[in-house]
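Here is the structure we will look at.
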Amino acid sequence: MPAVMRPNNKARVIKNDYPFRWTIVITESMVGLAGLAGSLQLLAGVATPPVSTLNPLGLSSWTLPAGWLFLSVAIPSGVAAWLAWRRSAWAPPAVLLASALLATELLVQIPFLGLNILQLIFGAVAVGMAAVGLLARRAGWWPRPQRA
C-alpha cells in the first residue's frame, strides 16, 4: 500500500549525479589513446630513443617497455573512461588507479630517458585526474559497501 504524502513531509530527493563524468571520459580516453600510440611507436621503432638506453635493464629491444606502457597506461585509462561512460560507481576508483599507474610509468622513465616535456605534461594530467577522482568521490560518486 503506498504511503500518503502529507504537506509537512518532504520527499527525499535522490541526486543521481555524476560529477566530472565528461572530464573523465574525454581525458582518460585521450591518455589511453596516447598510451596505445606510444606502445605502437615503441614496437615499430618510430622516434624511439636508442636501444642502448635499455642496456642497464639488460634489454635489447623496446618490446617489453611497449608492453609495460600498454598495460600500465593504455588499459587502465581506457577502463576508467569506459566506466565513466557507463556511469559506473567504480569510475572514480579507476581514475585514481589509472593516475597512480601513469605517475609510476613516468617516474620509471626518468632515470633512463631523462626529463622530457611530455613527462611534465602527462605528470600534470596524472595529478589533475587524481584530483578529479577525489572530487568525484567527495561529491558521492563512489561504490557503496554491500550490506549482508
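Some observations on this one:
- Unmet criterion (only one of (1) of a type in the set (A, V, I, L, M, F, W, C); (2) out of contact with any helix residue (DSSP H, G or I) (no Cβ under 7 Å at 6 or more places or on another chain); (3) crowded, with 16+ Cβ neighbours inside 10 Å) for A131: (3)
- Test for R137: is it basic (K, R), under 18 Å from T27 (Cβ atoms) and in a helix (DSSP H, G or I): yes
- All told, A124 falls short of being in a helix (DSSP H, G or I) and either surrounded by 14 or more Cβ atoms within 10 Å (Cβ to Cβ) or modelled with pLDDT under 95 (or both).
- Cross-chain or 6+ apart pairs with Cβ under 7 Å, region 95-112 first and surrounded by 18 or more Cβ atoms within 10 Å (Cβ to Cβ), then β-branched (V, I, T): V95/I24; V95/V132; L101/V73; L102/V31; L102/V73; E105/V73
- For region 28-64, a residue qualifies if it is assigned to a loop (DSSP other than H, G, I, E, B), closer than 18 Å to A74 by Cβ and of a type in the set (A, V, I, L, M), and the qualifying residues are V46, A47.
- Only a single item in (1) part of a helix (DSSP H, G or I); (2) in contact (Cβ under 8 Å) with a residue 24 or more places away in the chain is not met by Q119, and it is number (2).
- Just one of the listed residues (A3, A47) is exposed (fewer than 12 other Cβ atoms within 10 Å of the Cβ) and either at pLDDT 90 or above or touching a helix residue (DSSP H, G or I) at 6+ places or on another chain (Cβ under 9 Å) (or both), and it is A47.
- Options W62, W85; residue that is more than 18 Å from V127 (Cα to Cα) and either among the β-branched types (V, I, T) or in contact (Cβ under 8 Å) with a residue 40 or more places away in the chain (or both): W85
- Scanning region 65-92 for residues that are surrounded by 15 or more Cβ atoms within 10 Å (Cβ to Cβ) and not in a helix (DSSP H, G or I) yields S88, W90.
The values are calculated or read from the model by the stated rules, or taken from the named source; none is laboratory data. Predicted model, so just to flag it, every value in this text is computed and none were measured. Virtual Cβ from ideal backbone geometry, glycine too; neighbours counted across all protein chains shown.
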